[in-house]
1. Kindly express, to the nearest 10 degrees and within the range 0 to 90, the angle between helix 93-103's C-alpha long axis and the longest C-alpha principal axis of the chain.
2. Using only Cα atoms, tell me the angle between helix 108-121 and the longest principal axis of the chain; keep it within 0 to 90° and round to the nearest 10.
3. As a test, work out the antiparallel percent of DSSP beta bridges whose residues both lie in the chain, rounded to the nearest 5.
4. Between 0 and 90 degrees, rounded to the nearest ten: what's the tilt of helix 167-184 against the longest Cα principal axis of the chain?
5. Would you work out the relative contact order for segment 5-233, in percent, from Cα pairs under 8 angstrom that are 6 or more residues apart?
6. Would you calculate the volume per residue, in Å³, of the smallest convex hull containing every Cα atom of segment 60-155?
7. For 101, 62, 121, which order do you get if you count the other beta carbons within 10 Å of each Cβ and list the fewest first?
8. Given points 7 Å out from each Cα along the Cα-Cβ axis, report the residue 293 to residue 75 separation in nanometres with one decimal.
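Read the figures in this text as sums done on the coordinates, not as results from a lab. From a predicted model like this one, the values you see are computed outputs, not experimental measurements. Every residue, glycine among them, receives a Cβ derived from its backbone with ideal geometry; neighbour counts consider all protein chains shown.
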Ligand SMILES: Nc1ncnc2c1ncn2[C@@H]1O[C@H](COP(=O)(O)OP(=O)(O)OP(=O)(O)O)[C@@H](O)[C@H]1O
Ligand SMILES: [Mg+2]
């Protein structure tokens, strides 16, 4: 099975910027693990520390229990696919993939066998004699992938490998990458700032923010049970309203937002100013005069509508001026609500998450 990769309190500064501010993580053998976070949060810096292009200021990186951060880069046995890590333009597809094997002094017959086998895996064997300028972007990316995998590395690092491809090809390639990685069982660290890609491709993922890991978990858990307002807002679309928690006990609570009272589940340790966060799909339109048992009813004006195919997304303005999104699944063209109209919506208390505001945390 693949190698176990551990980070222990890894720090890296660039002048005043703490690019990594104490990252601790364990990535399991054979796992497909994603680092997800906004631009500048430290994803590439962390990968570069693993690859050996950068040295952490403090902390340790271990591979199967041994210090990785003390080995020179060429002894780390790592395959890499980077966004701009172009394949060699003067070499054929075959020679690009054979390159790493030659550098490792593998027998010529074995080089041929392994390079062709890996090209077959990425479905590029038929184009083995082409040069990169005779390939599409997606095909070049497959060659880059094959080149990284041909050496059967202990670790595979991928930094935004799909960001230069168009939307449809990205989706095809991510499925492909995941299939290959499963087949080979190589521990893989994948970097993206695309949250949909991260949810789709990862076994587990870490959400990073300003050099720190905010949350680690399975995609489902990170989406359903974010542990901070940052994670809730970064993953998926979220409505965030600032309000005041009404005092009281018990399982249920109420948050005052302007003149509106929103029912929620109580969260331990919170009082006073809070952020109430809920997903657009947690809201439903409710006809006049109707109630929805157990749910809070709100009123708002429709600001705009966006047709997203499977979903119709309404942008609504509450009476205090805050904007929220409401998603209608299986939208019905006959029941479209026009812009400017007033609507009633329902939200269930169990679908509202509470977090401390910046001031109260
Ligand atoms: N060589 C450098 N010199 C100075 N600061 C740097 C250097 N490289 C990165 N930084 C800073 O370190 C922080 C982390 O950068 P990093 O490249 O790791 O971010 P990232 O998460 O990969 O972002 P992106 O999604 O935009 O690629 C940023 O604030 C960045 O400006
Ligand atoms: Mg980066």
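1. Relative to the chain, helix 93-103 is tipped by roughly 70 degrees.
2. The angle comes out near 20 degrees.
3. Numbers: 63 of 82 bridges.
So the antiparallel bridges amount to about 75 percent of the total.
4. 60 degrees
5. Working: 423 pairs, mean separation 65.8, N = 229.
Normalised by residue count, the contact order of segment 5-233 is 29 percent.
6. Details: hull volume 10.5 nm³, N = 96.
Convex hull volume per residue, Cα atoms: 110 Å³.
7. Working: 101 22, 62 16, 121 19.
Lowest count first: 62, 121, 101.
8. 6.9 nm
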